[in-house]
1. Say R0 is 22 Å: what FRET efficiency, to the nearest 0.05, do residue 219 and residue 198 get from their beta-carbon distance?
2. Please compute the length gained on full extension between residue 92 and residue 63, using 0.36 nm multiplied by the number of residues separating them and subtracting their Cα-Cα distance.
3. Relative to the longest principal axis of the C-alpha atoms of the chain, give the angle of the C-alpha long axis of helix 101-114, reported between 0 and 90° and rounded to the nearest 10°.
4. Can you give the longest run of the chain that contains no GluC sites (Glu not before Pro) sitting in a DSSP loop with at most 16 other Cβ atoms inside 10 Å?
5. Using only Cα atoms, find the angle between the long axis of helix 10-24 and the longest principal axis of the chain, and express it within 0 to 90 degrees, rounded to the nearest 10.
6. When the chain is fully extended, how far beyond the present Cα-Cα distance does residue 181 get from residue 233, taking 0.36 nm per residue of separation?
Amino acid sequence: MASEKEKVSDEVIKFTKELKEYAKSYSSWQTSANIVGIIPAAKLDEIPSYQQDWMNTTTMKTTEQMEEAKSIIVLGYHASDDIYEALIRRGNGIETVGYPPNKNTRKVLQFLQTKGYKAMLASDRIPHKQMARLAGFGNYGKNALLITPKYGPWVRLGSIITDAEFVYDEPFEKDLCGECEKCIKACPTGALTPYKIDYTRCLVNPTSDEWAKLISGELKYSDKVGAVKNIDRIFDLHSPRFTENSRLMCTTCQRACPYGRKERGLEK
């Protein structure tokens with residue numbers, strides 16, 4: 001029996017290569033993707049819907065967003081510096097100007113549209129970590145984040161739903177954590193158990209308006225979560241003030257992870 005790749009036309013193979021090279025292409029005014037993977041939309045839609053506690057919503061199918069969906073392009077960006085963790089207060093909300101996927105993901109989306117394909121940024125309700133695992137990026141870590149072999153947990157994701165067809169990547173199956181539980185031991189609020197996170201205890205959990213108030217000083221973290229001893233001191237230590245109008249999100253569990261440390265500059 002012919003393999004799936006053997007069944008794909010030369011034109012599709014060529015377009016897959018062209019798109020991946022374009023997504024990784026660098027220009028001086030915008031970042032490029034470090035990892036690119038493509039999966040069939042139907043493969044993701046096989047996963048039963050589940051509750052997303054951090055958004056208080058359930059996941060959705062790709063066909064709910066685009067009826068003609070055939071493929072999902074998953075783009076991974078190395079978060080190489082703390083600037084990517086900065087939250088900047090603007091009025092009653094926050095900005096994340098250091099978040100790399102935005103411009104480049106839109107660049108790839110526009111590339112598809114110029115080729116005559118339908119393309120949309122995937123909704124936050126479509127599970128991005130599942131997409132990334134299916135696209136071969138890495139696997140779930142015990143800190144409930146995506147862990148990649150090269151960049152560890154320091155990866156931000158962007159994704160595009162399209163009616164274009166491609167050569168598809170294989171899922172990542174290997175467990176990268178093994179017996180390691182450094183992230184669980186490092187978490188300052190005890191929010192982690194293996195592969196699960198208690199969002200009521202996680203320091204990254206505040207909503208946009210709560211972050212704005214935490215940055216301005218209108219809100220103390222203990223006003224939100226009072227169950228953890230010395231929580232205000234813990235919050236200031238692990239989510240420090242960056243400027244008068246910004247704070248860095250807690251990355252303690254990520255820093256504890258042995259993967260990606262060299263790429264992040266955490267060790268020589």
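1. Numbers: r = 20 Å, r/R0 = 0.93.
It comes to 0.60.
2. Details: separation 29, 0.36 × 29 = 10.44 nm, distance 3.40 nm.
Additional length available on full extension: 7.0 nm.
3. 20
4. Working: sites that count: 46, 67, 68, 173, 179, 181, 218, 244, 267.
The reported range is 69-172.
5. It is inclined by approximately 30 degrees.
6. On the way: separation 52, 0.36 × 52 = 18.72 nm, distance 2.43 nm.
Once the chain is fully extended between residue 181 and residue 233, it gains 16.3 nm.
Each reported figure results from applying straightforward, stated rules to the coordinates on display, with no laboratory input. On a predicted model such as this, the values are computed, not experimentally measured, just so you know. Virtual Cβ from ideal backbone geometry, glycine too; neighbours counted across all protein chains shown.
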